[in-house]
Amino acid sequence: MTAPSFNLVEIIRILLKQKRLIILITVLAVALGGVFMLVKKKKYRAEARFFVNNPLYGDRNTLFRTSEQRYVDYFGGDDDLDKITALAASDTVKDRIIRRCQFESIYKFGDMNNDTAHAMYMSTFDKFFTLKRTEYKDIVVSYVAYKPVDAANVANMSVQVLEETFREYYTSMKEGMAKSISDKVKQLDSSIAGLTDTLANLRDRYSIYNIISPDRHNVTSGDMKGGGKGYGKAMEDIQNIESIKDQLVTDRAHYISLVNEYSVASGSAMEYLKLITRAVPPTSATGPSMTMVLTVSAMLGLFFSMIYVLMIEYFRRLKAMI
C-alpha cells in the first residue's frame, strides 16, 4: 500500500474547495491580532547619545605641563568606553537611577527600601534598559517605559549618573592626593614654627642677627660679629637648623603648589561625558505597528489554514485506503 500523494493541481483544487474554511481561519487570525494590539499596553522607547571624554586631558600633568607636552586626544578610547559599560552594569549606578527616577511611583512594587521590592525595581530596569556602542565611538542608552515622559527621564538620568560616577572615579583619587598633601603641609607648618622659635632664641641669646646661608656661600669671617664662649657652636647650630628649615619651607611651597594643581584637576567644570543627543518623550510607541501585526496575522492564518486543510484531506484519503 502506497501513501496518498498530491500534485499541484490537486492541491489547488482542494484549497479552492475549502476556501470558506481557509478564509474563516484567516479572518479569525486577523481578529486575534487586532485584539492583541488593542489589549497590549503600549511601550515607548527614548534614547540619548553621548561621547566619552578622555580623562587624561583633565589630568594635572596635561593642565600644567609638568613634563614634555604630548598630544592627548579629546575623545576617550576603547578602554574608557569599556569602563562606562562596566559602570552601567553595576548595582551602584542602577540603584542611583531607580531612586532618582522614583521607580516607586512608576511601577508601584512597594517600598524601595524593601529587599523584595528593590530587587523587582532592579530587574525591571535591567529588562528595559540598553546600552550599546556604535562604530563612531559614541554610546547610545535607551529605556522603554509605558509613558513617554518616563522613558525620556530614565534615559537622561542614566547619562547624568554615569557622568557623575565616572567623574568620581578620577576626582576622588585626586581629592585624596590633595588631602594627603594638605595634611603634610600642616605637619610642615608645625615643624617650621618650632624651628623658627629655636632659631629666634639662639639669635637673641648670642646676638647673631646676620643671615647665615646654610651652604656657607656669601658668608665670610668679617661678616659675623660677636664672640664669647658658645658663640661658635651657636653659629653652627643656626646654620644646621637654617638648612633644615629652608628645606622644609621649600617643600611646603612645593606641596601647596601640588595641592592647587590637584584641586584644579578635580574641579566640577570639567566634563567627562559629552551629551550630544538628549532623550525626548517619543511620540509613537515602540514595537510593530497595527498594520504590520494584522498583515503578519493574516499571513500566518492563511498558511496554517492551508496546511490544516491539506492534512485533513491527506488523513481522509489515508483512512479510505485502509
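Since every read-out is calculated from the coordinates, none of them should be taken as a lab result. Being a predicted model, the structure only gives us computed values, none of them experimental. Using ideal geometry, Cβ is built from the backbone for each residue, glycine included, and neighbour counts are taken over all protein chains shown.
Points to keep in mind about this one:
- Straight-distance crosslink candidates among aspartates and glutamates, where the alpha carbon sits under 18 Å from Lys42 and sequence neighbours closer than 8 are dropped: Asp150
- For the chain, modelled as a GNM whose springs connect Cα atoms under 10 angstrom apart, the maximal fluctuation among Met311, Met120, Met173 occurs at Met311.
- Helix-only arithmetic for the chain: the sum of -39500 (n - 2.57) across DSSP H runs with n ≥ 4, divided by the residue total, places the mean residue ellipticity at 222 nm at -21500 deg cm²/dmol.
- Among Asp82, Asp197, Asp73, the largest mean-square fluctuation in a Gaussian network model of the chain (Cα springs under 10 Å) belongs to Asp197.
- Overall shape of the stretch 1-62 was characterised from the C-alpha gyration tensor. The equivalent ellipsoid obtained from it has semi-axes of 62, 23, 9 Å, in decreasing order.
- Whole-Hz Karplus values for the stretch 149-160 come out as 5, 5, 4, 5, 5, 5, 4, 5, 5, 5, 5, 4 Hz, taken residue by residue from phi with 6.51 cos²θ - 1.76 cosθ + 1.60 and θ = phi - 60°; glycine and proline positions read x.
- Net charge of neighbours whose Cβ lies under 14 Å from the Cβ of Gly58, counting Lys and Arg as +1 and Asp and Glu as -1: -3
- The stretch 39-115: GluC sites (Glu not before Pro) falling in loop per DSSP and having at most 14 other Cβ within 10 Å: Glu68
- Here is the list for the stretch 53-104: trypsin sites (Lys or Arg not before Pro) lying in DSSP coil, each with at most 14 other C-beta atoms within 10 angstrom of its C-beta, are Arg65, Arg70.
- Cα-based reach from Lys43 at 22 Å (exclusive), listing lysines while leaving out same-chain residues under 8 positions away: Lys94, Lys108, Lys127, Lys132, Lys147
- Alpha-carbon Rg with Dmax, taken over the chain, Å: 39.6, 141
- Ranking of Ser180, Ser268 by neighbouring Cβ atoms within 10 Å, starting from the fewest: Ser268, Ser180.
- Within a Gaussian network of the chain (alpha carbon springs, distance under 10 Å), most fluctuating of Ile84, Ile307, Ile181: Ile307
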